[in-house]
Amino acid sequence: MSPGSDRVAVITDIHANLPALQAALARIEALGVERVFCGGDLVGYGPHPNEVCAVIADRDIPTIYGNYDYAIARDEEDCGCAYVTQHDRELGRRSVDWTLAYTSQESKDFMRGLPFDLRLSVGDVAVHLVHGSPRKVNEYLFEDKPASLYERLAAAESDPVLVFGHTHKPWVREHGGVLFVNCGSVGKPKDSDPRGAFAVLEPSAGSVRVTIERVEYDAEAVAAEVREAGLPGEFADKLLIAA
């Protein structure tokens, strides 16, 4: 068995950013990690929904649906996102409208067939992969949420490692005997680092060691494509500042 077969890479929140996805997959290959899983949100906000779905499907990467995937696959106008201001809500509506119009039926069918969660293993350690939380696809598990929330989630969790995304901000912490791993976002980071983020998990003394990897890609070129596609310019700007 090769060393890479015990390690796992988890990518999530690609958001129709093909160059970021390609860069992440290239880094994973360079690291010698042989198993890749995807935590969903393949589409939304970015200009390459069909290309991203095709890469994930063609590579047969085990994938769950994100809240955006669930909505677009079913031609729903509510992506289940949380908006702070009315302006943000309007931008979100424009993104959903664009994504519904430019996502092919083949891509929608692919996303419609994705499961809510996946169970996998890293060495002998069981891992549970969800998009938002085990309770709800669009629940935001931010690092600064009360510890009591994570203690409750840990008490209900059957596996010692819970991996997720959705917030686009990576963090790793243990609560109640469960290791919580937020992978960040490949295609739409929100932690002031414009590089794509993903997680690598490897066995370590009966547990799992987690590394958050960052990968550069041509964000300026993608930002230009966002504008050319007719998506809101703010989406392009946020790719460059990642805030």
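A few remarks follow.
- With the biggest extent put first, the Cα atoms of the stretch 152-204 measure 34, 25, 13 Å across the principal axes.
- Put the Cα centre of the stretch 103-128 next to the Cα centre of the stretch 3-28 and the gap is 14 Å.
- 15 Å cut-off, amide nitrogen to a point 7 angstrom out along ALA155 Cα→Cβ, residues in the stretch 166-180: 175-178
- Equivalent ellipsoid, the stretch 74-130 (semi-axes from 5 times Cα gyration tensor eigenvalues, Å): 30, 18, 8
- Just the protein heavy atoms count here, and of the accessible area of the stretch 100-178 at 1.4 Å, carbon and sulfur take up 48 percent.
- Each helix, a run of at least 4 DSSP H residues, gives -39500 (n - 2.57); summed and divided by the residues of the chain, these come to -10500 deg cm²/dmol at 222 nm.
- Accessible area of PHE142 (1.4 Å probe, protein heavy atoms only, ligands and nucleic acids ignored): about 70 Å².
- Convex hull volume of the C-alpha atoms in the stretch 1-59, normalised per residue: 66 Å³.
- Average accessible area per residue (Å²) across the stretch 150-243 - probe 1.4 Å, nucleic acids and ligands excluded: 41
- Cβ-placed point charges (K, R +1; D, E -1), dipole of the chain about Cα centre in debye, nearest 20: 400
- Cα-only radius of gyration and Dmax that characterise the stretch 11-117, units Å: 13.8, 45
- Here is the size of the chain from its Cα atoms: Rg then Dmax, 16.9, 53 Å.
- Cleavage-rule hits, chymotrypsin sites (Phe, Trp or Tyr not before Pro), the stretch 1-99, DSSP coil, Cβ neighbours within 10 Å at most 15: TYR83
- Charge dipole (the chain, unit charges on Cβ, about Cα centre) - positive-most of SER133, ILE212, LEU179: LEU179
- Candidates HIS128, HIS15, HIS166: whichever shows maximal mean-square fluctuation once the chain is modelled as a Gaussian network with Cα springs under 10 Å: HIS128
- If both residues of a DSSP beta bridge must be in the chain, then about 65% of such bridges are antiparallel.
- What the pair-distance distribution of the stretch 118-243 shows, using all Cα-Cα distances binned every 10 Å from zero, is 13, 39, 29, 15, 4, 0 percent.
The values are calculated or read from the model by the stated rules, or taken from the named source; none is laboratory data. Just so you know, these numbers come straight off a predicted model, no measurement behind them. Positions of Cβ are backbone-derived with ideal geometry, glycine not excepted, and every protein chain shown enters the neighbour counts. In case anyone asks, the SASA skips ligands and DNA or RNA and just uses the protein heavy atoms, side chains included. Shrake-Rupley method; radii C 1.70, N 1.55, O 1.52, S 1.80 Å.
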